[in-house]
Protein chains: 2
Amino acid sequence: NESKPENKDNIKIVVDQREIRSSVARSLDRNGVEITVKTLEVGDYILSDRIAAERKDTQDFVGSLIEQKLFEQISNLSRAYEKPILIIEGESLFNCRGINPNAIHGTLSSISLDFGVSIFYTRDPEDTAALLQQVAKREQVDEKREVNMHGK
Amino acid sequence: NESKPENKDNIKIVVDQREIRSSVARSLDRNGVEITVKTLEVGDYILSDRIAAERKDTQDFVGSLIEQKLFEQISNLSRAYEKPILIIEGESLFNCRGINPNAIHGTLSSISLDFGVSIFYTRDPEDTAALLQQVAKREQVDEKREVNMHGK
């Protein structure tokens, strides 16, 4: 086994059970983050007591929008955490067929302006892991916050 | 002169003097938005009493980050408006040379999580105009809000 970097900062991230097979969890682990797996009611990654991230690749995002599940998830996330994050991973949303660009603008506007969810775009699972780790580090090291899970 | 679409919704946007030669202002005008030009202390486009947008193309964004002006602008914007918006227009930030991707993630995290600024990405000036118009319409028509400018 290659040795992992020392987790000098002792960064912890709670990962939802359904995400555990993704390369994001593997990247986090490889980068020395301490991962705890739970079945989460809300969110995919818990970074502190106030920040949880929902991760969707571009296809999932469009799919959940079309199936009208997206806003329920966003609503639950924003009610449970003070600083909710949505990570949209992969190719540009505007390259997706089957959805009107104005519908995308409208959806993104609502998610950020109405629900106060911060939206981040990442290129791939490794990039997502880097972002999660960076935000977790700022919260847990710089701001000295704990990691707590919240329900709906 | 080609006739402009009726501005049935009577959407108004205040545009900063320095933006007036951009294609964004021309697109808004062509789409029937009522434009008022002012010299704004804060923001480039005022969409309601609570929403102002700062627009930066990708190069400007990276440039203002390197020159350390970006956070002052973001800070002023977020102090003056309840729902501040940053629009990053053009090619992907991650294609820009001369800046570390982690620095970009860190900057975007801080802008959204620390300053509460909603970040939107658009492809070109016409796309920016479409987004501004859509947000302005939601505010002024759906929410029946006025357009007011705020200082620093």
Where residues in segment B:44-64 are in contact (Cβ under 8 Å) with a residue 60 or more places away in the chain and not in a strand (DSSP E or B), which of them is nearest to residue B:125 (Cα to Cα)?
B:47
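Tell me whether segment A:55-71 contains one or more residues that are of a type in the set (A, V, I, L, M) and within 22 Å of residue B:108 (Cα to Cα). Don't jump to the end; show me each part of the working.
Filtering segment A:55-71 down to residues of a type in the set (A, V, I, L, M) leaves A:62, A:65-66, A:70.
Add one more test, that the residue is within 22 Å of residue B:108 (Cα to Cα), and what stays is none.
The answer is no, given that none of the residues of segment A:55-71 is of a type in the set (A, V, I, L, M) and within 22 Å of residue B:108 (Cα to Cα).
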Answer yes if at least one residue in segment A:114-126 is surrounded by fewer than 18 Cβ atoms within 10 Å (Cβ to Cβ), more than 14 Å from the chain's Cα centre (by Cα) and of a type in the set (Lys, Arg), and no otherwise.
no
Quick one: how many residues across segment B:24-43 are of a type in the set (Asp, Glu) and either at pLDDT below 95 or outside any strand (DSSP E or B) (or both)?
2
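With the condition kept exactly as written, say whether any residue in segment A:92-105 is modelled with pLDDT of 90 or more and in contact with a Lys or Arg (Cβ under 8 Å, 6 or more places away or on another chain). Give the steps one after another, and end with the answer.
Of all residues in segment A:92-105, those modelled with pLDDT of 90 or more come to none.
For segment A:92-105, residues modelled with pLDDT of 90 or more and in contact with a Lys or Arg (Cβ under 8 Å, 6 or more places away or on another chain): absent.
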Output the qualifying pairs, or none if there are none: Cβ atoms under 7 angstrom, residues six or more apart or on different chains, first residue in segment B:117-133 and within 7 Å of chain A (Cβ to nearest Cβ) and in contact (Cβ under 8 Å) with a residue 60 or more places away in the chain, second residue among the polar types (S, T, N, Q) and part of a loop (DSSP other than H, G, I, E, B).
none
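Taking segment B:51-60 on its own, how many of its residues are within 14 Å of chain A (Cβ to nearest Cβ) and either among the acidic types (Asp, Glu) or buried (at least 18 other Cβ atoms within 10 Å of the Cβ) (or both)? I'd like the intermediate steps shown before the answer.
Going residue by residue through segment B:51-60, those that are within 14 Å of chain A (Cβ to nearest Cβ) are B:51-53, B:58.
When the remaining residues are screened for being either among the acidic types (Asp, Glu) or buried (at least 18 other Cβ atoms within 10 Å of the Cβ) (or both), the result is B:51-53.
Residues that pass the stated criteria total 3.
Of all residues in segment B:65-116, which are of a type in the set (Lys, Arg) and either assigned to a strand (DSSP E or B) or at the interface with chain A (Cβ under 10 Å from one of its Cβ atoms) (or both)?
From segment B:65-116, those of a type in the set (Lys, Arg) are B:69, B:79, B:83, B:97; that's our starting set.
Matches in segment B:65-116: B:83 only.
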Count of segment A:63-96 residues which are among the basic types (Lys, Arg) and surrounded by 16 or more Cβ atoms within 10 Å (Cβ to Cβ):
1
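Residues are listed down the side, and each one gets a yes or a no for (1) under 18 Å from residue A:118 (Cα atoms); (2) in contact with a helix residue (DSSP H, G or I) (Cβ under 7 Å, 6 or more places away or on another chain):
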| site | (1), (2) |
| --- | --- |
| A:17 | no, no |
| A:28 | no, yes |
| A:31 | no, yes |
| A:41 | no, no |
| A:45 | yes, yes |
| A:48 | yes, yes |
For residue A:143, work out the one condition from (1) within 11 Å of another protein chain (Cβ to nearest Cβ); (2) surrounded by 15 or more Cβ atoms within 10 Å (Cβ to Cβ) it doesn't fulfil.
(2)
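The values are calculated or read from the model by the stated rules, or taken from the named source; none is laboratory data. Remember, it's a predicted structure, so these values are computed and weren't measured experimentally. Heads up, the Cβs are rebuilt from the backbone with ideal geometry, glycines too, and the neighbour counts pull from every protein chain shown.
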